[in-house]
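*Asks:* Provided herewith is a single structure, encoded as structure tokens, for subsequent inquiry.
The values are calculated or read from the model by the stated rules, or taken from the named source; none is laboratory data. Computed from a predicted structure; not experimentally measured. Cβ: placed from backbone, ideal geometry, glycine included. Neighbour counts: every protein chain shown.
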Ligand code: UDP
Ligand code: ZN
Ligand code: FE
């Protein structure tokens with residue numbers, strides 16, 4: 001049994017997939033993503049594999065429509081992006097830039113395939129990092145959900161961006177970039193990308209990474225933008241890992257336009273990275289106010305968080321130049 005249900009009170013989608021409970025939980029004696037494992041083989045530097053415990057699948061069973069609720073067939077694809085054959089690395093930022101670039105190229109290829117399937121409405125690319133936040137396998141990997149629905153959080157961003165665009169004739173996100181670039185919250189910038197802790201950060205060490213060009217889809221990024229993105233991700237994530245003197249557990253999500261129902265000229269793609277340690281190194285939980293009311297409490301200021309991450313970034317760029 002698997003299906004997609006919608007909460008009619010919020011618009012949230014729930015991927016009901018009870019078979020996922022049997023997935024391996026932090027095994028210490030084997031790793032399905034190592035070279036030579038049954039699904040990987042040898043002679044690769046990065047791989048996209050079907051998730052063995054998928055939340056959506058091309059062969060998902062048909063479902064009876066519910067007379068009251070929105071209930072959908074769990075059609076789609078859940079994929080694992082194995083970013084390196086090296087099991088023991090802590091983070092994608094430990095990989096050479098060229099390898100991160102290769103991973104981004106694979107993701108873009110996969111997205112182009114997904115876009116040709118009319119039943120896929122959204123390409124969700126994300127990465128969980130750190131046992132502390134419950135990753136089930138520590139081998140460096142990210143994930144892709146190709147979904148028949150648009151995630152509600154993105155739908156809400158689309159709506160707000162659209163009304164801003166209609167009222168002022170400008171992109172909300174371009175205006176955010178311009179406000180943030182003049183602030184104390186910039187973490188690092190490149191000609192084509194900018195990383196900052198947003199004014200409105202919800203998590204203690206949150207970084208948003210935007211292309212400076214107004215672009216809606218990951219597949220619309222050019223070669224140079226992808227090259228620079230590889231460099232930016234490496235530096236920002238390395239900085240996050242160095243900000244508190246111990247590796248930072250984080251979640252990273254790509255927010256981009258849906259594949260259907262467009263165009264979305266008012267939207268602007270970006271990565272959101274949520275570093276989950278508070279400044280004292282304790283894990284921040286999403287508790288009642290956060291989960292139940294979407295009210296986030298922040299035990300630091302975004303300005304202080306940016307300063308800590310910038311200090312981390314300094315350490316990373318110094319060690320790259322061989323000075324540390
Ligand atoms: N997985 C897989 N093949 C296996 C074992 C696990 O594809 O042989 C998947 C598993 O279903 C999980 C993913 O690998 O979705 C590891 O993801 P992660 O730990 O980041 O987060 P999770 O998806 O478990 O929340
Ligand atoms: Zn824009
Ligand atoms: Fe966003």
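*Asks:* If we scan the range 41-62, do we find a residue that is more than 30 Å from residue 109 (Cβ to Cβ), surrounded by 12 or more Cβ atoms within 10 Å (Cβ to Cβ) and modelled with pLDDT of 95 or more?
*Replies:* no
*Asks:* May I pose another question? Quick one: is residue 56 more than 16 Å from ligand 3 (Cβ to nearest atom) and under 24 Å from the mean Cα position of the chain (by Cα)? Spell out the reasoning first.
*Replies:* On the way: more than 16 Å from ligand 3 (Cβ to nearest atom): yes; under 24 Å from the mean Cα position of the chain (by Cα): yes.
Yes: the conditions hold for residue 56.
*Asks:* I'd like the residue in the range 205-249 that is in a loop (DSSP other than H, G, I, E, B) and touching a helix residue (DSSP H, G or I) at 6+ places or on another chain (Cβ under 6 Å) and, out of all such residues, is farthest from residue 286 (Cα to Cα). Step through it out loud before you land on a result.
*Replies:* Restricting attention to the range 205-249, the residues satisfying the condition of being in a loop (DSSP other than H, G, I, E, B) are 212-217, 221-222, 243-249.
Keeping just the survivors that are touching a helix residue (DSSP H, G or I) at 6+ places or on another chain (Cβ under 6 Å) gives 214, 243, 247-249.
Details: 214: 32, 243: 21, 247: 20, 248: 17, 249: 14 Å.
Among those that are in a loop (DSSP other than H, G, I, E, B) and touching a helix residue (DSSP H, G or I) at 6+ places or on another chain (Cβ under 6 Å), it is 214.
*Asks:* Residues to consider are 273, 295, 315; find the one that is assigned to a loop (DSSP other than H, G, I, E, B) and either out of contact with any strand residue (DSSP E or B) (no Cβ under 9 Å at 6 or more places or on another chain) or away from ligand 2 (no atom under 16 Å from the Cβ) (or both).
*Replies:* Details: 273 fails: assigned to a loop (DSSP other than H, G, I, E, B); 315 fails: assigned to a loop (DSSP other than H, G, I, E, B).
Within the list 273, 295, 315, the selection yields 295.
*Asks:* Taking residue 265, is it under 29 Å from residue 115 (Cα atoms), touching a residue at least 24 places away in the same chain (Cβ under 8 Å) and within 16 Å of ligand 2 (Cβ to nearest atom)? Outline the logic, then answer.
*Replies:* Details: under 29 Å from residue 115 (Cα atoms): yes; touching a residue at least 24 places away in the same chain (Cβ under 8 Å): yes; within 16 Å of ligand 2 (Cβ to nearest atom): yes.
It is true that residue 265 is under 29 Å from residue 115 (Cα atoms), touching a residue at least 24 places away in the same chain (Cβ under 8 Å) and within 16 Å of ligand 2 (Cβ to nearest atom).
*Asks:* Another question about this same structure. With 159, 97, 110 as the choices, which residue is surrounded by 19 or more Cβ atoms within 10 Å (Cβ to Cβ) and at pLDDT 95 or above? Can you show your working first?
*Replies:* On the way: 159 fails: surrounded by 19 or more Cβ atoms within 10 Å (Cβ to Cβ); 97 fails: surrounded by 19 or more Cβ atoms within 10 Å (Cβ to Cβ).
Every option except 110 fails the conditions.
*Asks:* Would you tally the residues in the range 31-53 being in a loop (DSSP other than H, G, I, E, B), in contact (Cβ under 8 Å) with a residue 40 or more places away in the chain and either touching a strand residue (DSSP E or B) at 6+ places or on another chain (Cβ under 7 Å) or under 19 Å from residue 144 (Cβ atoms) (or both)?
*Replies:* If we filter the range 31-53 for residues that are in a loop (DSSP other than H, G, I, E, B), which is where we start, we get 31-46, 51-53.
Subsequent filtering for residues that are in contact (Cβ under 8 Å) with a residue 40 or more places away in the chain retains 31-35, 40, 44-46, 51.
Checking the rest, the ones that are also either touching a strand residue (DSSP E or B) at 6+ places or on another chain (Cβ under 7 Å) or under 19 Å from residue 144 (Cβ atoms) (or both) come to 32-33, 40, 44-46, 51.
Residues that pass the stated criteria total 7.
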